Structures are given as C-alpha cells and as structure tokens.
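Below is one structure, written out as structure tokens; the observations come after it.
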Amino acid sequence: MRNTQLYSFVQTDLSLGEASFHPALSLKLFHHQNSISVSGLLDTGASVNVLPYLVGIELGYIWEQQTASLNLTGNLAQ
C-alpha cells in the first residue's frame, strides 16, 4: 500500500491495561479567532465524527444556535 502512515497508540486509562490503548491524532481546531490543540481518536472506518461539547465551548460555539440536523443509522439510530 502506498502513502501509508503510522500512528502511535496511547494509553488513556492505566486501570484498563491494554484495553485503554487507542490510535490518536494530534489536531489543532479553529473557529473564528479561537483555536485549541486536541488529541482525537483515529478511526478510519467511522461514518460519524463527534466534537466533544466542552471542546466546542472552548472554541466559542454556542450549541443552542447550531441548526444542523442529522439522521443517524445503525446502532445510533435508536
């Protein structure tokens, strides 16, 4: 496979042992004049991406003013 990249697995909860390792990607997010550096879960098979509420608040989003409507499928549909 060409153009492959390797990403480190990081441990997020020592009490879970190997179960807490996951691939992480460092990101810098911007919204208007605000920016924040975060680490996100790298899931190349995901069909849904989630921005944590507190990250959105720190970027200056006002969640009550967001008007996007999504139709979820699969195990998220319920």
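Computed from the coordinates by the stated procedures, all read-outs in this text should not be read as laboratory data. Just so you know, these numbers come straight off a predicted model, no measurement behind them.
Observations on the model:
- ³J(HN,Hα), Karplus 6.51/-1.76/1.60, whole Hz, each residue of segment 46-61, x for Gly, Pro: 6, 9, 10, 10, 10, 9, x, 3, 5, 5, x, 4, 5, 7, x, 6
- Scanning residues 5 or more positions from Leu42 or on other chains, those with amide H under 5 Å from its amide H are Ala24, Leu25, with H placed 1.01 Å from N in the peptide plane.
- Here segment 9-76 is treated as a sphere whose radius is the Kirkwood value from Cα pairs; by Stokes-Einstein at 10 °C and 1.306 mPa s it diffuses with a coefficient of 110 µm²/s.
- Here the gap between His31 and Asn3, fully extended at 0.36 nm per residue and compared with their Cα-Cα distance, gives a gain of 7.1 nm.
- Per residue, the chain reaches -2000 deg cm²/dmol at 222 nm when only DSSP H runs of four or more residues are counted, each adding -39500 (n - 2.57).
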